[in-house]
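Take a look at the structure below.
The values are calculated or read from the model by the stated rules, or taken from the named source; none is laboratory data. Computed from a predicted structure; not experimentally measured. Here the Cβ positions follow ideal geometry from the backbone for every residue, glycine too, while neighbour counts run over all protein chains shown.
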Amino acid sequence: MRLPLQGGLPPVAAPSGAVVEIACDESGFSGTNLLDPATPVIAHASVDVTVAEAAELLATLRSGFRFAPHEFKSRQFLRRPEAAEALAWFLAALRGRARVHLVDKQLFLVTRIVDLLLGQPSYLAGTRLAGQRRTDAHVLHRAVRTTGPDGDAFLAAFVDMLRTKRRDRAGDGSVDRFFAARDALLRHAPTDAVLTALDRSRVAAVQARLYAEDRSIPPPLEPLLPALAETVLFWSAGQRRVLVTHDEQSALTADRLRRLQRALAERAGLPAGESPLAGLVMTDSRDDPRVQVADLLAGVARRMPGAVDDGALRTP
């Protein structure tokens, strides 16, 4: 017996105006364990194909390249002798009708430090619409990557400080540990503008709001929300509304999606009812061949980013 699907925000009525319907899935998502070295990148893939077209794509892979029904996970797909030819055919079939957004988890965490602890928390944080602090984030990211254990310890302390599942953690010293890790990193990058600007009282206030379940702050350790926002912005292109069919993801709750919907509408100067994000419907990938195609594309992109890095399938 299948459990009810979690998350999603189906539209209350058929979206008005120009609408594009896409199907999405991800590869490499590991929840809040964003420092797992085995999965340093998340790939969020979206495809603009009909159910019939997706089913035909999968049927061709099975018949023309002799893939079995259970082999449409990227790991098995790429191990087959026919993989190179099948992959070339698959990507050609999707050219102009698919997009992959890659999320470097380490850079995502650095961006969260900049946007949440120095800026005004927003559901547009981590997207192209919050570009004011991108330069600072990239400078700090370089410092983290080049300082080895001290950089890793700094990010680990940030993650530990903002975990919210245990409500008894306030006052447990996590803010102190974060600033101790900041001070250790400062020895390598004494002029870093982000590190020197971090303020203990402001950081503690953000932590307190998160522990108090202040939902106006975007979940700090959920990279799927900005990835979804980037996907919607691409397919909308400022002219269409986007209706998303997505493989089940509990991180994409109705409340979070409403907040993202409103933030996108406000930035575009539109009423909330005309947000670029028209809605998001959860599905089980076993029931929708479009999501199976997106899943395969996401897995390939995560394992072989160069294979799809030609501008036709991938965002910058």
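The set of residues in the stretch 27-61 that are assigned to a loop (DSSP other than H, G, I, E, B), small (Gly, Ala, Ser) and over 17 Å from THR231 (Cβ atoms) comprises SER30, GLY31, ALA38. Annotation note: of LEU124, LEU102, LEU87, the sole residue that is touching a Phe, Trp or Tyr at 6+ places or on another chain (Cβ under 8 Å) and either outside the structural domain of PHE65 (by TED's automatic domain parsing) or touching a residue at least 60 places away in the same chain (Cβ under 8 Å) (or both) is LEU87.
Across the stretch 59-104, the number of residues qualifying as modelled with pLDDT under 80 and surrounded by fewer than 12 Cβ atoms within 10 Å (Cβ to Cβ) comes to 6.
Summed over the stretch 229-258, residues that are over 27 Å from ASP214 (Cα atoms) and assigned to a loop (DSSP other than H, G, I, E, B) total 4. Put simply, of ASP115, ASP192 the only residue that is under 25 Å from LEU260 (Cα atoms), acidic (Asp, Glu) and touching a helix residue (DSSP H, G or I) at 6+ places or on another chain (Cβ under 7 Å) is ASP115. Within the stretch 190-210, the set of residues being within 17 Å of SER122 (Cα to Cα) and either among the charged types (D, E, K, R) or without any contact (Cβ under 8 Å) to a residue 60 or more places away in the chain (or both) comprises ARG202, ALA205, GLN207, ALA208, ARG209, LEU210.
Just one of the listed residues (LEU35, LEU9) is outside the structural domain of PHE90 (by TED's automatic domain parsing) and among the hydrophobic types (A, V, I, L, M, F, W, C), and it is LEU9.
Only one entry of ARG128, ARG187, ARG142 meets the criterion of being charged (D, E, K, R) and within 30 Å of LEU257 (Cα to Cα), and that entry is ARG128.
If you go through the stretch 186-207 and keep only what is over 27 Å from the mean Cα position of the chain (by Cα) and either outside any helix (DSSP H, G or I) or surrounded by 13 or more Cβ atoms within 10 Å (Cβ to Cβ) (or both), you end up with LEU186, ARG187, HIS188, ALA189, PRO190, THR191, ASP199.
When ASP172 is tested against (1) part of a helix (DSSP H, G or I); (2) of a type in the set (Asp, Glu); (3) over 30 Å from ALA265 (Cβ atoms), exactly one condition is not met: (1).
If the condition is being closer than 14 Å to ARG302 by Cβ and either of a type in the set (A, V, I, L, M) or surrounded by fewer than 19 Cβ atoms within 10 Å (Cβ to Cβ) (or both), then the stretch 1-35 contributes only SER30. Looking at the stretch 67-80, is at least one residue in contact with a Gly (Cβ under 6 Å, 6 or more places away or on another chain), assigned to a strand (DSSP E or B) and under 30 Å from LEU243 (Cβ atoms)? The answer is no, given that none of the residues of the stretch 67-80 is in contact with a Gly (Cβ under 6 Å, 6 or more places away or on another chain), assigned to a strand (DSSP E or B) and under 30 Å from LEU243 (Cβ atoms). Name the residues in the stretch 96-123 that are under 24 Å from ARG200 (Cα atoms) and either outside any helix (DSSP H, G or I) or among the charged types (D, E, K, R) (or both), would you? Selection gives ARG112, ASP115, LEU118, GLY119, GLN120, PRO121, SER122, TYR123. Quick check on ARG95: is it touching a residue at least 40 places away in the same chain (Cβ under 8 Å) and of a type in the set (Lys, Arg)? Taking the combined requirement at face value, the residue satisfies it. When the residues of the stretch 263-276 are filtered to those that are part of a helix (DSSP H, G or I) and in contact (Cβ under 8 Å) with a residue 24 or more places away in the chain, the one that is farthest from SER122 (Cα to Cα) is GLU274.
For GLN292, the criteria (1) more than 21 Å from ALA14 (Cβ to Cβ); (2) crowded, with 17+ Cβ neighbours inside 10 Å; (3) within 17 Å of the chain's Cα centre (by Cα) hold in every case but one, which is (3).
Looking across the stretch 36-50 at every residue that is among the hydrophobic types (A, V, I, L, M, F, W, C) and out of contact with any Asp or Glu (no Cβ under 7 Å at 6 or more places or on another chain), the one that is surrounded by the most Cβ atoms within 10 Å (Cβ to Cβ) is identified as VAL47.
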